[in-house]
Amino acid sequence: MATLNVQPGTEMIDAISSYIASECRGKNGFDEYSIARIFKRQELTNIAWSCAVLGRYPKQLMDIVYTGIFGTKNDPQQMKQIFNDDGLQKSSIMTFYYVQVAADIEAPQLRLSLPIGFPNGWGEDDEEQDKSISSKNDETADELVQISSSMLTLSTSKLQRDVSDIFTEIGFDNVLEHVIDTNVIKDEYGVHLPPSPQEFLSIDIANIDSRIGIEVDGPAHFVQIIDSANEAIKSLPVSGKQLADRGDNRVNGPTTLKHRLLTHLGWNIIHLPYWEFQGFGGDRGKEMSYCQSLLEDCSY
């Protein structure tokens, strides 16, 4: 539901959280051992990601997730033994950066935190974890890699270059693929993150001084609404009209989360759906008028 950008009711969230808590409960509550009887750490990562995308953080559920991933002693070697795995996948490590920032800003009362020194020692390949983690070239086929990599995309398409040129032509200075790393977030916004810097979010086209970003949303940013008349299929709450449904197209959950995070970090994000720009058929005048109208809508 999170990937499809569908907001479940409070009753469903509460029921799922209560069921997971009951299944993970041992003789003295839950700990990493009782959680490991029920879940793999990749499954816990998927739950954490869904909570962040939905913007819903049930306290007991988040406590279970963080205990299951990091344990009560924050010992990566012990956790590998308990869960009988080789460590966290690259996608899981990046996911918990996103989850931590989202939860720290949107649910600070939970007081969640990543272990000191994270991600060193926590990954499948410790040598790789000493480097800046980027999912740019990660070809792993699992869904979490695909959706988390959409948050940090360091390849520039021809469409992005064309759009950037148009914005430059109408007087909007910009750079392509502006990257925000975790140290900037930690230092400027007081988010609780480990000191090891990681590339975190990228903005397709950005004016850094004014903190206005343009996201050129290609097909991978959307899901298609099959039953648009079904009132039960409600999208996640967003501010303004930027991420409203456009016909049968709905922005997916990961794109919504990225928008929320960037907005929390003080950015004004403009979304440019690929089909609207391509619909001008290369007419420079229409493209310029369209881009100018986007800037005017965001009070540039």
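The values are calculated or read from the model by the stated rules, or taken from the named source; none is laboratory data. In this text, all values refer to a predicted model and were calculated from it rather than measured experimentally. Every residue, glycine as well, gets a Cβ built from its backbone with ideal geometry; the counts of neighbours run over all protein chains shown. For accessibility, only protein heavy atoms count, side chains too; no ligands or nucleic acids. Shrake-Rupley method; radii C 1.70, N 1.55, O 1.52, S 1.80 Å.
Restricting the trypsin sites (Lys or Arg not before Pro) of the stretch 53-122 to loop positions (DSSP other than H, G, I, E, B) with no more than 11 neighbouring Cβ atoms within 10 Å leaves Lys73, Arg111. Extension gain for the segment Glu177 to Lys27, taken as residue separation times 0.36 nm less the Cα-Cα distance, is 48.9 nm to one decimal. Take the Cβ-Cβ distance between Asp283 and Val184 as r, set R0 to 45 Å, and report the resulting FRET efficiency rounded to the nearest 0.05. The calculated FRET efficiency here is 0.70. For Glu11, the solvent-accessible surface with a 1.4 Å probe is about 140 Å², rounded to the nearest 10.
Heavy-atom accessible area with a 1.4 Å probe sorts Glu23, Glu169, largest first, into Glu169, Glu23.
Between Ile170 and His264, the FRET efficiency estimated from the beta carbon spacing at R0 = 22 angstrom works out to 0.20.
Across the stretch 288-296, coupling constants 3J(HN,Hα) worked out from phi with the 6.51/-1.76/1.60 Karplus curve, θ = phi - 60°, read 5, 5, 4, 5, 4, 5, 5, 5, 5 Hz, and Gly and Pro carry x. Under 5 Å between amide hydrogens, built in the peptide plane, is the criterion, and for Asn249 it picks out Ile225 among residues at least 5 positions away or on other chains.
Accessible surface for Lys286 stands near 110 Å², nearest 10, in the context of the full protein assembly shown (1.4 Å probe). Residue ranking by accessible heavy-atom surface, 1.4 Å probe, largest first, among Tyr19, Tyr66, Tyr189 comes out as Tyr19, Tyr189, Tyr66. The solvent-accessible area of Thr95, taken with every protein chain present and a 1.4 Å probe, is close to 0 Å². With every protein chain in place and a 1.4 angstrom probe, the accessible-area ranking of Glu177, Glu276, Glu215, Glu124, largest first, reads Glu124, Glu276, Glu177, Glu215. Close amide H contacts of Ile208 (hydrogens built in the peptide plane, cut-off under 5 Å, sequence separation of 5 or more or a different chain): Val175. A Förster radius of 41 Å combined with the Cβ-Cβ distance from Asp14 to Asn249 puts the calculated FRET efficiency at roughly 0.85.
Across the stretch 90-97, coupling constants 3J(HN,Hα) worked out from phi with the 6.51/-1.76/1.60 Karplus curve, θ = phi - 60°, read 3, 5, 5, 4, 5, 4, 6, 5 Hz, and Gly and Pro carry x.
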